[in-house]
1. Using the structure shown, decide if S130 is without any contact (Cβ under 8 Å) to a residue 40 or more places away in the chain, under 21 Å from A40 (Cβ atoms) and surrounded by fewer than 16 Cβ atoms within 10 Å (Cβ to Cβ).
2. Identify, from the list V142, V119, V149, V110, the residue that is over 19 Å from I44 (Cα atoms) and touching a residue at least 24 places away in the same chain (Cβ under 8 Å).
3. Can you give me the number of residues within region 40-84 that are modelled with pLDDT of 90 or more, charged (D, E, K, R) and open to solvent by less than 30 Å² (accessible area, probe 1.4 Å)?
4. Could you please find all residues in region 95-113 being of a type outside the set (A, V, I, L, M, F, W, C) and surrounded by fewer than 19 Cβ atoms within 10 Å (Cβ to Cβ)?
5. Collect the residues in region 392-422 that are touching a Ser or Thr at 6+ places or on another chain (Cβ under 9 Å) and not hydrophobic (A, V, I, L, M, F, W, C), keeping them in residue-number order.
6. Name the single residue that is surrounded by the most Cβ atoms within 10 Å (Cβ to Cβ) among those in region 364-422 being of a type in the set (V, I, T) and within 25 Å of A342 (Cα to Cα).
7. Any residue in region 346-368 that is among the small types (G, A, S) sitting within a Cβ distance under 6 Å of a residue that is in a helix (DSSP H, G or I)? List the pairs, counting only those 6 or more apart or interchain.
8. Cβ-Cβ below 9 Å, separation at least six or inter-chain, first residue in region 375-397 and of a type outside the set (V, I, T), second open to solvent by 100 Å² or more (accessible area, probe 1.4 Å): which pairs?
Amino acid sequence: MAPPPPPVVPASPGAQYAQQFLSTVLSQRGPAALPYTEDAKWLIRQHLVALAESYPSLHPKASAFTHNDGRTVNLLEAEGTIPIVYQGAVYNIPAVIWLLEPYPRSPPAVFVAPTRDMVVKPGHPHVDSSGSVLIPYLRSWVFPSSNLVDLVRSLSHLFGLDPPLYTRQNPNNSTTPNPTPNPSSSHHPSPSPSPSPSPSPTPSSSSSSFPSRIYSSLSPYGGRFPPSPQAAATRRTEDAAEVYRRNAISKVVDMVHDEMAGLRRAREAEMEGLFSTQAELRRREEELSRGLRDMLEEKEGLEQQLQLILMNTDVLEGWVRENEGRRRRAGDVNVDDAFEPADVLSRQMLECTAADLAVEDTIYSLDKAVQEGSIPFDMYLKSVRALSRDQFFHRAMLAKVRAAQVQAQVTSMAARLPQYAS
């Protein structure tokens, strides 16, 4: 019997809303379309839906974002609060995560969003005075493995070690510590809470040991935030070992992230060098293969020519052996009678060619003689003029004979055409 299928866990209302909202805005076309590439929209939708499932306090929205150069574009953002655990109590840090145009190939822009009752902690290692957040996870962003859920998880961890926002101290409600406090009062002061029509619930763990500021329900984020540095001055002195431990953990985390980023850059540079070497080796392999193929083809052609030369050599040697006896019986043979032309035009062609070459040799001999001074220059000019005229007539006759041969071949082929047609 097959085991029953696992039960289907329904998505949270926030995740369902995120899916519907993102399906609508990412499918828009024309001027209202968001400036993301088509191949990245599916991954953006997955990141935001997973963020809404893991952190329901962060909601996706589409709003206008102004760049540093003044450009304003409509981008997606995740706005809400990031839960942190600070000194055993849970606080909510308001933040906005903007998905810029090159996302997810580039990291998003993260800002904390303090309300009127909050202030950014001066000199925070990860948040500047404008609220811009830069943590090691953003510096070491790697596509496509990096995502928003891991980013918020890293923000929650780092902000829990050192919260970036504190309550703004109200001078009217500040308490003056007792100059001679007893041990209990020195460790557990009770500052007056700010007015709140609907106070948030008290943390379940160590509520008396870790007092917290309570915010008005008019705040868009609600929840509790760490006390201000001025109020903290009136409280008990924190344990030095605990402070040292938190600072050491934060420093170690930063060092590990920096080392990982440096190691990744070094490995990427090494991989780029290896890829370049691989491409060069492949190019050379193709060149060697092409050269080897050309050499094999040339070798085959030379072998064929060698076979043809050997065959012709055998034929010529056989002809010489057959005619050797005839030459001896016939005595001296005239060279002009050794080859018999096939027809009158061939004989004229042979005679004109021989006369042309003979004139060419004579002119060459005259050139040598005049260079050596064997004949006077005027006799050289007269002889060359006469020979050139004879050579012109021989070449003109040669052209006419060649044209007559071509005409005769055309006539012969036209006469044989009816035979092939039948």
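The values are calculated or read from the model by the stated rules, or taken from the named source; none is laboratory data. Keep in mind that this is a model prediction, so the values were computed, not measured. Here Cβ is always computed from backbone atoms with ideal geometry, including for glycine, and neighbour counts include all displayed protein chains. Protein only, heavy atoms only, side chains kept; ligands, DNA and RNA dropped before computing areas. Shrake-Rupley method; radii C 1.70, N 1.55, O 1.52, S 1.80 Å.
1. For S130, the condition - without any contact (Cβ under 8 Å) to a residue 40 or more places away in the chain, under 21 Å from A40 (Cβ atoms) and surrounded by fewer than 16 Cβ atoms within 10 Å (Cβ to Cβ) - is not met.
2. Details: V142 fails: over 19 Å from I44 (Cα atoms); V149 fails: over 19 Å from I44 (Cα atoms); V110 fails: over 19 Å from I44 (Cα atoms).
The unique qualifying residue is V119.
3. 1
4. Taking region 95-113 first, the residues of a type outside the set (A, V, I, L, M, F, W, C) are 101-108.
Listed by number, the residues that qualify are E101, P102, R105, S106.
5. H394, Q405
6. Just the residues of region 364-422 that are of a type in the set (V, I, T), to begin with: 370, 375, 384, 401, 406, 410-411.
Keeping just the survivors that are within 25 Å of A342 (Cα to Cα) gives 401, 406, 410-411.
Working: V401: 20, V406: 10, V410: 10, T411: 10.
The qualifying residue surrounded by the most Cβ atoms within 10 Å (Cβ to Cβ) is V401.
7. These pairs meet every condition: A355/H394.
8. H394/E351; M397/E351
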